[in-house]
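Comments concern the structure below.
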Amino acid sequence: MTSRNASFPFGKITSKLRNAGCVFAEEEARLLVSAAHTPAELSKMITKRAAGEPLEYIVGWALFCGLKIEVGPNIFVPRRRTEFLVQQAAFFTAERSVVVDLCCGSGAVGAALAALIGEIELHAADIDPVALHYARRNLLSAKGIVYEGDLYSALPYSLKERVNLIVANAPYVPTGQLDLLPAEARLHETRMALDGGEDGLAVHRRVASGACSWLVPGGRLLVEVSEKQIAQTVEIFNSCGLETYVVSSEDLDASVVIGIRSGRY
């Protein structure tokens, strides 16, 4: 523990967090201690965490693909499973590719992809102005251009049929299952980042239906879905004229549906 917070015994902090239900109490305690500038600030942080506030909101960032992604209250916190979406997107992305991150939220996916590939022409869009405040900060080093608006309507017409890759970590929780989410997500994250409509695929339908108008021939659309939604998402992609296949990771409990616009560059 740093000397500035030495008045807080580490074991006491860990016990308080563990009693509050924090599974990784020791790791979280270390993080809170390192993030706090004064004992008073640390005390407030501990109280917030013990009350169930997401750790990422308290420290101001989430670790994603090795990057510190800035987040704040009500913002969707990037999940580790979504690192699989980034990995798959990176496989198909070359330097100077034109990439669109739809439903970008804090910009985590776009930022991670740019960090892996290097120089890409990155565009990101979301309907939530609060999330875009963080996206602009997180995508600054990648020189990403951020737009506010509803899916493709936010993008400039000049991108039509120029995009090599569209990646979308769109909301896919069925409305009726929102109450089953962990409390950290259910009580703190904005509903629009979670609610995917009656079957969870309302946004995916809209993303897939517009993809071919923006992708170059041979360009790809990648979305994250739950295992139970794979078959239906494949049908949606196929109905929109996309050649479709699925990749999954057991380790990350993640599935990505990939659609290709027919034709060649």
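The values are calculated or read from the model by the stated rules, or taken from the named source; none is laboratory data. This is a predicted model, so every value here is computed, not measured. FYI the Cβ positions are ideal-geometry reconstructions off the backbone, even for glycines, and counts take in every protein chain you see. To get the accessible areas, we keep the full protein, side chains included, count just its heavy atoms, and leave off ligands, DNA and RNA. Shrake-Rupley method; radii C 1.70, N 1.55, O 1.52, S 1.80 Å.
At a glance:
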{"quantity": "Charge dipole of the chain about the Cα centre (unit charges at C-beta), most positive-ward option of Val71, Ser262, Pro156", "calculated": "Val71"}
{"quantity": "Between helix 25-35 and the chain: long-axis angle, C-alpha atoms, 0 to 90°, nearest 10", "calculated": "90"}
{"quantity": "Electrostatic dipole magnitude of the stretch 69-174 [Cβ: Lys, Arg +1; Asp, Glu -1; Cα centre; debye, to 20]", "calculated": "160"}
{"quantity": "Magnitude of the charge dipole, the stretch 52-112, Cβ model with Lys/Arg +1 and Asp/Glu -1, debye to 20", "calculated": "140"}
{"quantity": "Per residue, the convex hull volume that the Cα atoms of the chain enclose (Å³)", "calculated": "123"}
{"quantity": "C-alpha long axis of helix 230-239 to longest principal axis of the chain, angle in °", "calculated": "30"}
{"quantity": "MRE, 222 nm, helices only [DSSP H, n ≥ 4, -39500 (n - 2.57), over the chain, to nearest 500]", "calculated": "-10000 deg cm²/dmol"}
{"quantity": "Percentage relative contact order, the stretch 123-197, counting C-alpha pairs under 8 Å, at least six apart", "calculated": "26"}
{"quantity": "Inter-site label distance for Ala35 and Ala50 at 7 Å from Cα along Cβ, in nm", "calculated": "1.7"}
{"quantity": "Share of carbon and sulfur in the accessible heavy-atom surface of the stretch 67-225 [1.4 Å probe, %]", "calculated": "52"}
{"quantity": "Solvent-accessible heavy-atom area per residue, rounded to whole Å², over the chain at 1.4 Å", "calculated": "49"}
{"quantity": "The chain, dipole about Cα centre (Lys/Arg Cβ +1, Asp/Glu Cβ -1), debye to the nearest 20", "calculated": "600"}
{"quantity": "Potential lengthening between Glu243 and Ala115 on full extension [0.36 nm per residue; Cα-Cα distance subtracted]", "calculated": "43.3 nm"}
{"quantity": "In degrees, nearest ten, helix 39-50 long axis to first principal axis of the chain (Cα)", "calculated": "60"}
{"quantity": "DSSP-defined antiparallel bridges as percent of all bridges, the stretch 38-196, nearest 5", "calculated": "20"}
{"quantity": "Quarter of the Cα convex hull surface for the stretch 169-265, i.e. its orientation-mean projected area (nm²)", "calculated": "6.6"}
{"quantity": "Pairs beyond 24 Å (Cα-Cα), from Lys48/Lys228; Lys48/Lys68; Lys44/Lys68; Lys12/Lys48; Lys16/Lys68; Lys68/Lys143", "calculated": "Lys48/Lys228; Lys16/Lys68"}
{"quantity": "Using a Förster distance of 45 Å, the FRET efficiency for Ala20-Leu140 (Cβ separation, nearest 0.05)", "calculated": "0.80"}
{"quantity": "Candidates per GluC sites (Glu not before Pro) in the stretch 207-259, loop by DSSP, up to 16 other Cβ within 10 Å", "calculated": "Glu250"}
